[in-house]
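Chemist: Here it is, the structure, as structure tokens.
Throughout, read-outs are computed from the coordinates displayed, never taken from laboratory work. Worth saying up front: this structure is predicted, and the values here are computed from it rather than measured. Here the Cβ positions follow ideal geometry from the backbone for every residue, glycine too, while neighbour counts run over all protein chains shown.
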Amino acid sequence: MAAAALVVSCGGGGGGGSDAPAATATIIDTASVTQGIAAVSALIPICSSPSAAQPAPVQSHQASNKTVWLVKKFALSQSPQGRMLALSSTKPADTLGSCGGRMTYPDYSHANGVTTATFAFDNYCTVDTSTGERLVLNGNIALVDTGTPSASGPIRSKLEASSPAGVTLAIQDATGQPLEAVLISFSNFLYTVGVPGSAPTSASPDRFTLGELKATTQATAQTPSKTYRATGFSAETFITASGGQQFSASARGYRSNGEYYDVATSVPLVLDATGTLTAGAVTFTGANGSTAVATLLPGSVLQATMTVNGTPLAGMPACN
């Protein structure tokens, strides 16, 4: 969903970031979506089905590994027990990066199952073993982790967090030379557990809300810094009867010129028990009823077809 949202955002008109977006809906058209795909495909594989009409030549999408790299590192850290148990009275030990730096809790207090803390990245560096590139994170996240005391530790019921100053994600080459960077900041994140101590169900899903999310790109000699925003994010997810996962969400996104569009999962994203995507579609709605729809294709490789105002978008890059 984030990949598709970036496509629509990056296809907008010029201008830097805006903290007071214009109260004007954007026009979603073929030209803007095509422009967005070109901008985003360097980071995330926005690809067509190999059988789609008039596909462009296969692209390597080497840079998309950066996104997969981040997602895998996050997913592997989220054990079922880790999701269920809140932070305890014992402050977690620092985590050292494979190429330097650390993740740490510089501020930490706990009482009656509730932990108030600051989670910090201090030049935390990891290496993408497939490319040798480095990911370096810096910044702080303030959080309140609420749980109910139990014999095995506090059982999480909700997690609140914010990072108004943001976390910088910097990509470096194997020698440490900077390649690109983005500052991610957010406010009023709330994760509410559907079934404390157990897996979420369709009747009681896990719910997420977010007041505002900003992504500010680093300026280069060729391009100025730009800020993309999303507000009013709301999502829910649960474990399916077959052991997979279903996810749905909605939000309002803003292009860098301040124009907005609405985005929602018109078909919930569904993963089977092996983590393979089986269904999903994301619909964007702009001014005068203009729409774009990204339909994800079942399979282990992230691929999608896209229509703009009902017309299939040809020439999308194919995934190898």
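Chemist: Give the value in nm², to one decimal: projected area of the alpha carbon convex hull of segment 152-270, averaged over all directions. Intermediate values should be presented prior to the final figure.
Modeler: Values: hull surface 44.5 nm².
For segment 152-270, averaging the hull's shadow over all directions gives 11.1 nm².
Chemist: Separate question: Work out how much length Y108 to T175 would gain on full extension: take 0.36 nm times their residue separation and subtract the Cα-Cα distance, in nm to one decimal. Intermediate results must be reported in sequence, preceding the final value.
Modeler: Details: separation 67, 0.36 × 67 = 24.12 nm, distance 3.51 nm.
In short, 20.6 nm is gained.
Chemist: Can you spot the aspartates and glutamates whose alpha carbon is less than 14 Å from K91's alpha carbon? Ignore those fewer than 8 places along the same chain.
Modeler: D107, D145
Chemist: If I take R0 = 51 Å and measure r between the Cβ atoms of N123 and T311 in this structure, what FRET efficiency does the formula 1/(1 + (r/R0)^6) give, to the nearest 0.05?
Modeler: Values: r = 48 Å, r/R0 = 0.93.
The computed FRET efficiency comes out at 0.60.
Chemist: If each of S234 and T278 carries a label point 7 Å out from its Cα toward its Cβ, how far apart are those two points in nm?
Modeler: Label at S234, label at T278, 2.7 nm between them.
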